[in-house]
Amino acid sequence: SSKLLRAARQVFDFADRYRGSYSDSLSSVVCPFYCSYSGYKDELLWAATWLHLASSPSPSSQSVYMTYINSNGHTLGGEQDAYTVSWDDKRAATKVLLSKVFLQNRVESLRPYKAHADKYICSLVPGAGGFQSQYTPGGLLFTERDSNMEYVTSTAFLLLTYAKYLSSTGGAASCGSTAVTPSTLVSLAKKQVDYILGANPAGMSYMVGFGARYPRRVHHRGASMPSVHDHPARIGCDEGFHYLHSSDPDRNVLVGAVVGGPDQSDSYSDSRDNYAQAEPSTYTNAPLVGALAFFTGAR
């Protein structure tokens, strides 16, 4: 662990010294799909927060990284309201994480982060002051047309994480005149996870291989193309489009993968060509693992 921490500090020092987004120099290979649209600043604040927690004898101690956060947070997105969290934009997640230090250790310099975290959480809770999110008729959070489940799983994870932090101190999210309790956040997160696993108007699980009905035409080469055992001959890049456009069910079941999910009307097109709905990703699955772990531990 000491070796990993030492490497993390070195990488952070390098990133802070030579500021810029990776897509500034790699745009030809990462754009338009994986450009750093939110910039690099949120990553610096996110990294400094984790380094503080990993480096300090206690979260309340004044580490060099806490000094960095206090001195640079306002220029790295700490004072900006953020209402989504994704692989590209970690501002809301950073505010939730820094709220933990404030709530559990009363580090007063971090009080504004609790206010921003509350604002983010309140925007998600129907009926709460500050609510501004969109939900499908079936109750799924709907943020983006493309790979919406990414936002669903990351939001569910943050709802549960914040609920855990609030519960540890007997607190609540301040949403105008309404105090939103941890149990409300847990219930909202559970509804999102249940929807993914099949409790939705279509009666369909959006996790491949789970339940009786799930996506059979996933936008993924490994799922749709034959294995080397079934097709020993080489398949060239252009030849792969035959499998992309085929309406045949996947040859290989990508067990556990969560696809992009239905549209704002709870409708899902089980077609590989519809990448916005049929594409799975690691950044969709990763937060869901945390949410599932929470509910498994709560049983």
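Listed values, structure above:
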item: Nonlocal amide H pairs with Phe142, under 5 Å, H built at 1.01 Å; result: Gln134, Tyr135, Thr136
item: Where N is the number of residues in the stretch 124-207, Cα Rg divided by 2.2 N^0.38 Å; result: 1.12
item: Value of D in µm² per second that Stokes-Einstein yields for the stretch 4-139, Kirkwood Rh from Cα pairs, at 10 °C (1.306 mPa s); result: 98
item: Estimated translational D of the stretch 1-80 in µm²/s (Stokes, Kirkwood radius over Cα pairs; 10 °C; 1.306 mPa s); result: 115
item: Cut-off 15 Å, label 7 Å out along Cα→Cβ of Thr181, residues of the stretch 146-173 by amide N; result: 163-164, 166-173
item: Cys with no candidate disulfide partner in the chain (beta-carbon separation under 4.7 Å rule); result: Cys237
item: GNM flexibility winner over the chain from Pro126, Pro262, Pro226 (Cα, springs under 10 Å); result: Pro226
item: Fluctuation leader among Leu44, Leu26, Leu166 - the chain, Gaussian network, Cα springs under 10 angstrom; result: Leu26
item: Base-10 log of normalised Debye intensity for the chain (one unit scatterer per alpha-carbon) at q = 0.16 Å⁻¹; result: -1.31
item: Phi to ³J(HN,Hα) by Karplus 6.51 cos²θ - 1.76 cosθ + 1.60 over the stretch 140-150, Hz, x for Gly, Pro; result: 8, 4, 10, 10, 9, 5, 8, 6, 4, 4, 4
item: Cut-off under 5 Å, modelled amide H: who pairs with Leu254 long-range; result: none
item: Sequence-distant residues sharing a close amide H with Thr178 (under 5 Å, placed H); result: Gly129
item: Residue among Val255, Val180, Val96 with the largest mean-square fluctuation in a Gaussian network model of the chain, springs linking Cα atoms under 10 Å; result: Val255
item: FRET efficiency for Gln264 and Ala199, using Cβ-Cβ distance with R0 set to 22 Å, rounded to 0.05; result: 0.75
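Computed from the coordinates by the stated procedures, all read-outs in this text should not be read as laboratory data. Because the structure is a prediction, the values reported are computed rather than measured. We place every Cβ from the backbone using ideal geometry, glycine too, and count neighbours over all the protein chains shown.
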